[in-house]
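Report on the structure given below.
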């Protein structure tokens, strides 16, 4: 009996999907570029799908505690985003250096980079943790939180920031695995951590039986435990030789030269994300001016948006790894072709999502909160922001391509002018001094993402990123 063409296609897809998920493919500098993108993107997308599912489910449970609880989560996450900027910056440096060493077939040097990145991450997280625990109330007050919000939410802030080392190491170690082309390990680490969080979240928030749970800060406890287990899994793989990179005693030495180079590259990445996240914090401050209902609606919309943006980042991370490894293998043309193909695939994905979001915005937001005012704020935020998804698809892939090449400086400069010179002033003026009010902030977000995509693509075409040494 003959097998149909559709059955053969499905079998090929399933076979390739299985290879990608199990991480059996290790060579990304030869053969089909489309295959390389698929093998890297699938585990990275699945990794981000679980992370985005966590973000949505987390706010789903917290929303049952009331508007003030959701607003407290939103304000805390605005502050945590500054730490994410450090994590993301370090991750960019790690991915650039590890992928370049792997492309050069220098696995031992790649392990050296991994150890130095762990040392840096632990030190920074200790400083952030002390500040977060001691000054949680003051930080929430600085962000515009009401006294009622602070009383109910400061413990959430303390736990999340006090346990930030789990966030830091999760970022850094996943960057190691992505740079090495071991994306399936990074995927499994996030599935373990976020899967555990999804189980613990409702238990720690609402309790079980006679136990009433911890309330809002139970969500932070669940998150920290889940991420901690994920980090333990990552370290187990790294120390037991089950991946491309193995960390042995010879690697566990302070190496000043590698550390300074890693810091130099990462500083550009930190600045790049700091600019973007600081801009986001200013936007949150503007939105909080319109009350807790507006803040809750915006927080819900952002969680829904994250559900699709994170998988899109999976494709972007694949582009970064392909750029780094192919430049290490002295194949700049293949690196560039990989970027343009990733950008097209990302654009198709996010365009489809934007249509769904625009049409079904009311339904999606109502899943989390059906209150009239909160619902309307969430719907407006979702529709305005997703309108720029097509541009954002290109912008995020090309920016990550620069980072994968080790050129973190160019996206940093672009982010500075687009976010601080355009988005923040435009959002403030439109929201505070025009009839657009809160919608003015959303219009500013849309305008900034369109401009960033256009500028970063034009700069990428110049090709100077191909000459960067890391």
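Miscellaneous remarks
- Scanning segment 415-436 for residues that are free of Cβ contacts under 8 Å to residues at least 60 places away in the same chain and buried (at least 21 other Cβ atoms within 10 Å of the Cβ) yields 418, 430.
- Qualifying residue in segment 245-255 (condition: at pLDDT 85 or above, surrounded by 24 or more Cβ atoms within 10 Å (Cβ to Cβ) and over 24 Å from residue 357 (Cα atoms)): yes
- If the condition is being more than 15 Å from residue 311 (Cα to Cα), at pLDDT 90 or above and surrounded by fewer than 23 Cβ atoms within 10 Å (Cβ to Cβ), then segment 31-43 contributes 32, 33, 34, 35.
- Single condition residue 20 does not satisfy, out of (1) part of a helix (DSSP H, G or I); (2) buried (at least 24 other Cβ atoms within 10 Å of the Cβ): (2)
- With respect to the stated conditions, residue 308 is under 20 Å from the mean Cα position of the chain (by Cα), surrounded by fewer than 22 Cβ atoms within 10 Å (Cβ to Cβ), in a helix (DSSP H, G or I) and modelled with pLDDT under 90.
- Some residue of segment 196-207 being part of a helix (DSSP H, G or I), within 22 Å of the chain's Cα centre (by Cα), surrounded by 18 or more Cβ atoms within 10 Å (Cβ to Cβ) and in contact (Cβ under 8 Å) with a residue 60 or more places away in the chain: yes
- Filter result (outside any helix (DSSP H, G or I) and under 23 Å from the mean Cα position of the chain (by Cα)) within segment 362-415: 368, 387, 388, 405, 406, 407, 408
- Enumeration of residues in segment 429-447 that are more than 26 Å from the chain's Cα centre (by Cα) and in a helix (DSSP H, G or I): 429, 430, 431, 432, 433
- When residue 213 is tested against the conditions (1) outside any loop (DSSP other than H, G, I, E, B); (2) touching a helix residue (DSSP H, G or I) at 6+ places or on another chain (Cβ under 9 Å), the lone failure is (1).
- The single condition from (1) at pLDDT 90 or above; (2) surrounded by fewer than 24 Cβ atoms within 10 Å (Cβ to Cβ); (3) assigned to a helix (DSSP H, G or I) that residue 150 fails is (1).
- Residue 232 being over 25 Å from the mean Cα position of the chain (by Cα) and farther than 16 Å from residue 159 by Cβ: no
- Neighbours by Cβ (under 7 Å, 6+ apart or cross-chain): first from segment 162-182, at positive phi and buried (at least 24 other Cβ atoms within 10 Å of the Cβ); second part of a loop (DSSP other than H, G, I, E, B) and at pLDDT 90 or above: 181/28
- Taking the criterion of being more than 30 Å from residue 105 (Cβ to Cβ) and surrounded by 24 or more Cβ atoms within 10 Å (Cβ to Cβ), the only residue of segment 183-193 that qualifies is 193.
- Some residue of segment 450-462 being within 19 Å of residue 317 (Cβ to Cβ) and surrounded by fewer than 22 Cβ atoms within 10 Å (Cβ to Cβ): yes
- Flag for residue 337 being in contact with a helix residue (DSSP H, G or I) (Cβ under 8 Å, 6 or more places away or on another chain), surrounded by 24 or more Cβ atoms within 10 Å (Cβ to Cβ) and part of a helix (DSSP H, G or I): no
- Complete set of residues in segment 6-58 that are on the phi > 0 side of the Ramachandran plot and in contact with a helix residue (DSSP H, G or I) (Cβ under 9 Å, 6 or more places away or on another chain): 23
- Test: residue in segment 73-83 that is modelled with pLDDT of 90 or more and either closer than 24 Å to residue 309 by Cβ or under 15 Å from the mean Cα position of the chain (by Cα) (or both): no
The values are calculated or read from the model by the stated rules, or taken from the named source; none is laboratory data. This one's a predicted model, so the numbers in the text were calculated from it and none came from an experiment. Cβ: placed from backbone, ideal geometry, glycine included. Neighbour counts: every protein chain shown.
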